[in-house]
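The values are calculated or read from the model by the stated rules, or taken from the named source; none is laboratory data. In this text the structure is predicted, and so the values were computed from the model without any measurement. Counting neighbours? That spans all protein chains shown, and the Cβs are built from the backbone with ideal geometry, glycine included.
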Amino acid sequence: MEKLGKHQGNAKVSFELRASLDRVLKEQKAYRRELAGDERWSVQGLSRQDAAGVRAAWRREQERLRKAGELLDTIDVLAIHGIELELRERGWWDRRWPAVPDEAMDPGRWPGSRDKGLPKQVPLRLPQPLARKVYAACWHTSYKSIVALRDWRDLHPGIVPGRRRREPGDLEIALEEYERLAAQVTTVGDVYRAGLRKGIWSAEAIQSRVAN
């Protein structure tokens, strides 16, 4: 994880979620243009100095609206808003988490990840404190199950989880155990996807208010 600036991440998503994201972002950008058309932000007839002041005030107003969740006009703004909502819903937002261990940051998918086959990727740039909170919360709430899944892999090196066909006898029991353990793992991608969905719902709520 980068020490400075933004954390660069990716969320694997379905075609449907990506399409919904594109739709609401288009609506939110149109809403931003509508807001920008307010006479308060007009620079017509102003001196260069006064016009610069108006433009600066408009930039500050955009930032205020974004932080308040009242304008979600970029992927990052929408994702940050939605991820915070997701963490709050899980009761993870206000908790103090231990540091994120190095092994949580290893490249590759966590044991129990269920995002294989999701066809689209959404690049995210998140504030470092938010990204660390997501990683820490996911890791520390899932660690026991991650360890158990690693043990499962050692015990069953020849079994491939995720197959839809039924396996005979003991293999079926082993796969059921894998699925039970995997269901107890919350990955960073799980939180990112849930956050994007909540961000989309929030953007739709804004659009509904504007339309009425």
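Below, the figures for the structure above:
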read-out: The one condition in (1) more than 21 Å from the chain's Cα centre (by Cα); (2) part of a helix (DSSP H, G or I); (3) surrounded by 12 or more Cβ atoms within 10 Å (Cβ to Cβ) that V43 fails to fulfil; value: (2)
read-out: Residue in region 163-186 that is modelled with the highest pLDDT, counting only those that are over 24 Å from E103 (Cα atoms) and in a loop (DSSP other than H, G, I, E, B); value: P168
read-out: Residue among L118, L149 that alone is surrounded by 17 or more Cβ atoms within 10 Å (Cβ to Cβ), modelled with pLDDT of 90 or more and among the aliphatic types (A, V, I, L, M); value: L149
read-out: Selection status of E89, among the acidic types (D, E), under 19 Å from the mean Cα position of the chain (by Cα), loosely packed, with under 14 Cβ neighbours inside 10 Å and closer than 21 Å to D190 by Cβ; value: yes
read-out: Members of region 54-86 found to be of a type in the set (G, A, S) and either touching a strand residue (DSSP E or B) at 6+ places or on another chain (Cβ under 7 Å) or surrounded by 13 or more Cβ atoms within 10 Å (Cβ to Cβ) (or both), listed by number; value: G69, A79, G82
read-out: Filter result for W97 (farther than 28 Å from E16 by Cβ, free of Cβ contacts under 8 Å to residues at least 60 places away in the same chain, in contact with a His (Cβ under 8 Å, 6 or more places away or on another chain) and surrounded by 11 or more Cβ atoms within 10 Å (Cβ to Cβ)); value: yes
read-out: Qualifying residue in region 132-142 (condition: at pLDDT 95 or above, touching a Lys or Arg at 6+ places or on another chain (Cβ under 6 Å) and of a type outside the set (D, E)); value: no
read-out: Hits in region 99-158 - residues which are under 16 Å from the mean Cα position of the chain (by Cα) and of a type in the set (A, V, I, L, M); value: L118, V122, L124, L126, L130, A131, V134, A136, A137
read-out: Criterion violated by N10 - all others in (1) touching a Leu at 6+ places or on another chain (Cβ under 8 Å); (2) in a helix (DSSP H, G or I) satisfied; value: (2)
read-out: Scan of region 95-124 for residues that are acidic (D, E) and in contact with a helix residue (DSSP H, G or I) (Cβ under 8 Å, 6 or more places away or on another chain), ordered by number; value: D115
